[in-house]
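Accompanying notes for the structure given below.
What follows is calculated from the coordinates using simple rules that are stated; it is not laboratory data. Only a predicted model underlies this, so the values are computations on that prediction, with no experimental measurement involved. FYI the Cβ positions are ideal-geometry reconstructions off the backbone, even for glycines, and counts take in every protein chain you see.
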Amino acid sequence: MIATAEPIIDVRQVVKTFPTGDTEITVLRGVSLTVQRGEFVAIVGPSGNGKSTLLNMITGIDHPTQGQVFVNGKAVHKMNENQLAAWRNTDVGIVFQFFQLLPSLNLLQNIMLPMDFARRLKPKDRREQAHCLLELVGLKDQWHKLPSQISGGQQQRAAIARALANQPPLLVADEPTGNLDARTSDEVFALFCRLASQGTTLVMVTHNEELARQVPRTVAVVNGMIERDEKRVVTDGPCSATEDTEDAESRSEFSPASVTGNGVHA
Ligand SMILES: Nc1ncnc2c1ncn2[C@@H]1O[C@H](COP(=O)(O)OP(=O)(O)OP(=O)(O)O)[C@@H](O)[C@H]1O
Ligand SMILES: [Mg+2]
């Protein structure tokens, strides 16, 4: 008998209000959302309607006013800041619009940092894993460069490699292509599709409708509520099944699990 799989994300009736002067604004109005392991979900919706606030609930960057948030079996809404910091470092990769790499560290050092905090691997293996991740995102030969010495698209790919440092089962990205030109944006999106095909769960906020159409599930957040939740079979673009097959060989070669040999995304 196959047990019903527990969703990796289970947001239950979340309300979020912010104080504004004498009063308060309600930004999330009872949002419920479940995401299964291995899904790739695009979150869309007008500016200021609660997309980033919802992501912040999932990552524990901010706390719900009411409701519950479970991620990978953990009650995120109950954790304190120390617990959240440790949990986030290993269980959730976060990618932001403006990359947020540490400017004084080279790419290799930036990617090793979350591993240094987690202390799961020996220092030598951390270095090897970081090189493997740089190869995964197409930056193999750039490891020694500072973030300021590479392009925006390259910085974002390095930021994705850093988010994957501890092989999290979930990657959350807030407008990861929002600051990139069309070609670079397509490259980053293709990388996300590749990660999704390897089993990483992905939640990506985007304003790019063309990209959102190429993702298997789209959730629209409008006025603090989920207005639409659509699933589709993707037949076009880098997330399509055809592309998966074509890429299969290179994927297995560059899997982030290849250094430690863990079947992390299984
Ligand atoms: N810390 C805060 N204090 C007060 N108001 C906030 C805070 N964070 C967000 N808001 C408000 O909550 C609303 C939703 O913001 P949010 O950042 O979630 O929108 P968004 O959908 O991500 O928009 P965008 O597409 O522009 O990034 C906005 O009106 C914003 O001003
Ligand atoms: Mg936002």
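Computed from the C-alpha gyration tensor, the three semi-axes of the ellipsoid equivalent to the chain are 28, 21, 19 Å, from longest to shortest. Scalar couplings 3J(HN,Hα) for region 26-42, obtained by applying the Karplus form with A = 6.51, B = -1.76, C = 1.60 to θ = phi - 60°, are 9, 9, 10, 10, x, 8, 10, 8, 10, 10, 7, 4, x, 6, 10, 10, 9 Hz; x denotes Gly and Pro. Between region 173-215 and region 20-70, the alpha-carbon centres lie 19 Å apart. Using the Cβ-Cβ distance between GLU210 and ASP22 with R0 set to 30 Å, the FRET efficiency from 1/(1 + (r/R0)^6) comes to roughly 0.10. Annotation: amide H of ILE43 within the under-5 Å range of MET204, VAL205, THR206, VAL219, sequence separation 5 or more or interchain, hydrogens built in the peptide plane.
Give me the percent of DSSP beta bridges within the chain that run antiparallel, rounded to the nearest 5. Percentage antiparallel, nearest 5: 60. For LYS140, the lysines whose Cα comes closer than 20 Å to its Cα, not counting residues fewer than 8 places off in the same chain, are LYS124. For the pair GLN66 and LYS122, a Förster radius of 41 Å applied to the C-beta separation gives a FRET efficiency near 0.40, rounded to the nearest 0.05. In this Cβ point-charge picture (+1 for Lys and Arg, -1 for Asp and Glu), the chain has a dipole of about 780 debye about its Cα centre. In this structure, the amide hydrogen of VAL222, modeled 1.01 Å from its nitrogen in the peptide plane, lies closer than 5 angstrom to those of GLU227, counting only residues at least 5 positions away or on a different chain.
Per-residue ellipticity at 222 nm, computed for the chain from helices alone with -39500 (n - 2.57) per DSSP H run of at least four residues, works out to -11000 deg cm²/dmol.
Across the chain, the mean sequence separation of Cα contacts (distance under 8 Å, 6 or more residues apart), normalised by length, yields a relative contact order of 24 percent.
When you count the other C-beta atoms within 10 angstrom of each residue and take the mean per peptide, 112-120, 172-180, 160-168, 80-88 line up highest first as 160-168, 172-180, 112-120, 80-88.
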